[in-house]
Amino acid sequence: MRPLTPKTALLLASSALVAAAGSASAQDRADWPENFTVGTASQGGTYFVYGSGWANFIADELGLSGGGEVTGGPTQNLALVHSGDMAFGLTTMGPAADAVNGESPLAPGLQMDNVCALFPMYETPFSITALSSSGIESISDIPDGARIGFGPAASTSDTYFPAMLETLGVNFERRNGGWSDLGGQLQDGLLDVIAFAAGIPIPAVSQLEVQTDVNIISFTDEERATVLDNYPVAEYDIPASTYTTLEEDSPVVSMWNFAMAGCDLPEDFIYEVTKVTMENNDRMRSIHRSAETTVPENVVHNTVLPFHPGAARWFEENGYEIDDSLIK
């Protein structure tokens, strides 16, 4: 046999290394899901835009098949992820606390312990919109018996906003539906008010602004203080730049949102999902403007859900400490 030339030997060695690397990569991904679904919320809301865009981004980056799916929002997403019907979901901290404590309205008494946090998304402001022609310019202007749309049944908005308004002395008829549908009903005079809880800018509100004149209603200092005393929310000011209707920042309240996953998903898979998301904020902001706060520094805003070990590993490797008690 003719001896190998140095060049041929080098080529063969390189090929062997590539083959070995490819084999190792396939081995590493052997337990990864072949496809995945992200639970979002109704069309016309920020969850649907953010969640569907994020799903497509992760699918492209990791070479998988994945997408977003319309759901009833955070409360249903928690149940779907816990049961394994969906790999990922988006949630706010209020419904998450209810779920882990066995107080979810969808499954009273069931402690949802197969739901793990991945990364911070953004704050969800609670804001109210009415047509300018209604004359409703403040919460105290909302008339008795007003028809108020609170979003999909069992959503964050539907879970907390009715109680908040009742605490503030508002009497109303409760209506549910997707945000786009409710926006159409408001414009057609079938609703008096929509009480939104969604990341900003809310697509349905932006669309209403283009089509008609609206009032985006703020909380007074006293109203906000009352709500802060009674509900798991924080102070928040909607920047005037969010909507063309606003001439100054609008004081409201908010809840933080986190992406979540089934705790039983492979650690290395979740590590890669977290890495891709946290290291590409420009791409995330191109999906939805609210993702400007989808940054590692905001990991501190989850004190409710345990973090998936794969997500926790990425944060800790990059200098963000997570208490051991908050890692599954």
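The values are calculated or read from the model by the stated rules, or taken from the named source; none is laboratory data. The structure displayed is predicted, hence computed values, not measured ones. Virtual Cβ from ideal backbone geometry, glycine too; neighbours counted across all protein chains shown. Areas reflect the complete protein model, heavy atoms only, side chains present, ligands, DNA and RNA absent. Shrake-Rupley method; radii C 1.70, N 1.55, O 1.52, S 1.80 Å.
General observations
- Gaussian network model of the chain, springs between alpha carbon atoms under 10 Å - residue of P251, P309, P33 with greatest fluctuation: P33
- Computed over protein heavy atoms with a 1.4 Å probe, the accessible surface of region 134-200 works out to 36 Å² per residue.
- Between E267 and D141, the simple label model (points 7 Å from Cα in the Cβ direction) yields a spacing of 5.7 nm.
- Residue (of A117, S180, L165) at the positive-pole extreme of region 83-182, dipole from beta-carbon charges: S180
- Solvent-accessible area per residue, Å², over region 241-327 with all protein chains present [probe radius 1.4 Å]: 45 Å²
- Within the chain, percent of DSSP bridges classed antiparallel, to nearest 5: 65 percent
- Relative pair counts by distance (%), Cα atoms of region 242-328, 10 Å bins: 15, 43, 28, 11, 4
- Positive minus negative residues near N318 (Lys, Arg vs Asp, Glu; Cβ under 12 Å): -3
- Residues within the reach of a label modelled at S83 (point 7 angstrom out along Cα to beta-carbon, backbone nitrogen below 14 Å), restricted to region 95-113, are 105-108, 110, 112.
- Each Lys or Arg adds one and each Asp or Glu takes one away; over the other residues whose Cβ falls under 15 Å from the Cβ of D144, this sums to -2.
- Taking the 1.4 Å solvent-accessible surface of the chain as the whole, the part contributed by carbon and sulfur is 47%.
- Formal net charge of residues neighbouring D158 (Cβ-Cβ distance under 12 Å; K, R +1; D, E -1): +2
- Between A97 and S241, the contour length at 0.36 nm per residue exceeds the Cα-Cα span by 48.6 nm.
- Nearest-0.05 FRET efficiency for S65 and N114, computed from C-beta distance (R0 30 Å): 0.85
- With a Förster radius of 25 Å applied to the C-beta separation of A234 and Y320, the computed FRET efficiency comes to 0.75.
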